[in-house]
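Heads up: the structure comes next, in structure tokens.
The values are calculated or read from the model by the stated rules, or taken from the named source; none is laboratory data. Since the model is a prediction, treat every value here as computed from it, not as a measurement. Cβ coordinates were reconstructed from backbone atoms using ideal geometry, including for glycine residues, and neighbour counts include every protein chain displayed.
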Amino acid sequence: MARTRLTVPKSVRRGEIFEIRALIGHPMETGYRPDASGRRLPRDIIRRFSCRQGDRLVFSADLFPAISANPYLAFHAVATESGTLTFTWEGDNGFSQTETVAIQVT
Amino acid sequence: MGLVAAMLALVSGPAGSQGAAGTAAPSGDPRRSGFADMSAPIQAMQRDDSQNPGLLWVADGEAAWRARPAAGDARSCEGCHGAAGAALRGVAVRYPAWDARLRRPVTLQQRINDCRERHQSLPPLGGESDALLGLESFVAHQSRGLPIAPPDDARLAPWREQGAALFAQRIGQLNLSCAQCHDERAGLRLGGSIIPQGHPTGYPIYRLEWQGLGSLQRRLRNCTVGVRAEPYGAGTAEAVQLELHLAWRARGMTLETPAIRP
């Protein structure tokens with residue numbers, strides 16, 4: 001399991017624009033680098049990140065080999081109802097990680 | 001030798017440009033952390049815990065601090081040393097420190113590994129392993145914001161003097177000493193980068209070039225290889241002596257662990 005750091009306000013006002021920050025520990029191996037013995041290291045990257053509230057997609061991003069290790073994504077959203085935000089990172093070699101954060105709309 | 005001459009010419013600009021006027025510490029202390037020379041976005045990355053990827057290692061280290069070893073009845077780190085916070089605050093700023101049993105100075109990494117072997121009956125962790133970097137960064141993170149305070153221990157003095165001599169010793173095919181860049185030419189540029197004064201204020205650091213966390217020993221190896229000298233092996237007397245000298249040189253400066261550097 002990779003470590004993640006999520007920064008989401010605990011409560012927001014209805015209709016307020018707020019920032020969400022998501023950081024995950026991942027090597028993001030490009031697939032182009034040789035290892036110490038000269039063999040090419042196989043690609044191992046996160047391919048897709050998504051943030052959902054229930055069934056609704058809030059934000060998603062496709063990630064590519066040029067993105068640095070431990071990718072950090074920050075984006076803005078507007079909440080209309082309280083609920084749970086589900087963050088999913090999916091990638092090569094069956095990598096998949098899901099984290100949830102509750103958010104209160106007042 | 002043509003290349004060497006060109007490089008030296010490149011780094012030895014007019015003496016007046018040294019230390020970029022107006023950026024020294026307000027107290028009049030001419031020493032400055034590498035933090036001060038970074039671009040604003042990278043500084044923001046270090047200041048903001050939600051962006052700083054070094055905190056991922058700190059979180060791993062905290063979990064390792066709490067975890068009881070699977071084998072035997074050994075206690076966790078926390079079992080002896082207590083929870084983070086008060087017990088660990090101010091520990092990292094004292095290292096390298098004298099070890100009465102080994103009768104030599106040890107770095108924080110060596111102390112962690114020594115403790116693992118003696119009290120937890122666990123094998124030592126590899127020098128640049130994520131596990132050791134995690135524990136080290138967790139311990140050092142507890143002292144973030146404190147001034148670096150090398151112990152005033154007479155037994156350390158000869159080691160520290162050796163370290164100072166190593167710092168001034170020309171090494172490698174480029175025949176450069178640490179002091180020639182980091183004392184005499186700090187603030188000037190080597191290629192596109194500002195030469196830092198070389199204070200170990202934020203180790204282990206997250207270096208963008210490394211795409212990960214690395215120890216002071218790794219950074220020293222980097223520099224040593226850069227002047228085409230053979231690096232001091234991990235945990236050798238020379239490596240510890242250099243660390244001792246660097247800590248003394250940076251005494252009173254604020255610990256930033258985990259720092260970000262380009």
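Details
- Residue within region B:214-222 that is within 27 Å of B:Val91 (Cα to Cα), within 14 Å of chain A (Cβ to nearest Cβ) and touching a strand residue (DSSP E or B) at 6+ places or on another chain (Cβ under 9 Å) present: yes
- Within the set B:Ser121, B:Ser129, B:Ser76, the sole residue that is touching a Lys or Arg at 6+ places or on another chain (Cβ under 6 Å), surrounded by fewer than 18 Cβ atoms within 10 Å (Cβ to Cβ), of a type in the set (Gly, Ala, Ser) and farther than 25 Å from B:Arg160 by Cα turns out to be B:Ser76.
- B:Leu190 under 18 Å from B:Leu220 (Cβ atoms), modelled with pLDDT under 95 and not small (Gly, Ala, Ser): yes
- Any hit, region B:185-193, residues being outside any helix (DSSP H, G or I), in contact with a helix residue (DSSP H, G or I) (Cβ under 7 Å, 6 or more places away or on another chain) and farther than 30 Å from B:Met45 by Cβ: no
- From A:Phe64, A:Phe59, A:Phe49, A:Phe95, residue being without any contact (Cβ under 8 Å) to a residue 24 or more places away in the chain and away from chain B (no Cβ under 14 Å): A:Phe64
- Long-range neighbours under 6 Å by Cβ, at least six apart or interchain, first residue at the interface with chain A (Cβ under 7 Å from one of its Cβ atoms) within region B:47-63, second of a type in the set (Phe, Trp, Tyr) and buried (at least 18 other Cβ atoms within 10 Å of the Cβ): B:Pro53/B:Tyr206
- Test: residue in region A:35-45 that is more than 11 Å from chain B (Cβ to nearest Cβ), at positive phi and surrounded by 11 or more Cβ atoms within 10 Å (Cβ to Cβ): no
- When B:Gly134, B:Gly235, B:Gly145, B:Gly126 are screened for being within 30 Å of B:Arg68 (Cα to Cα), among the small types (Gly, Ala, Ser) and within 14 Å of another protein chain (Cβ to nearest Cβ), only B:Gly134 passes.
- The residues of region B:230-258 that are within 18 Å of B:Ser137 (Cα to Cα) and of a type in the set (Asp, Glu), listed by number, are B:Glu243, B:Glu256.
- Among residues of region B:187-205, those that are of a type in the set (S, T, N, Q) and surrounded by 13 or more Cβ atoms within 10 Å (Cβ to Cβ), counted: 2
- Some residue of region A:5-17 being within 14 Å of another protein chain (Cβ to nearest Cβ) and either without any contact (Cβ under 8 Å) to a residue 12 or more places away in the chain or of a type in the set (Asp, Glu) (or both): no
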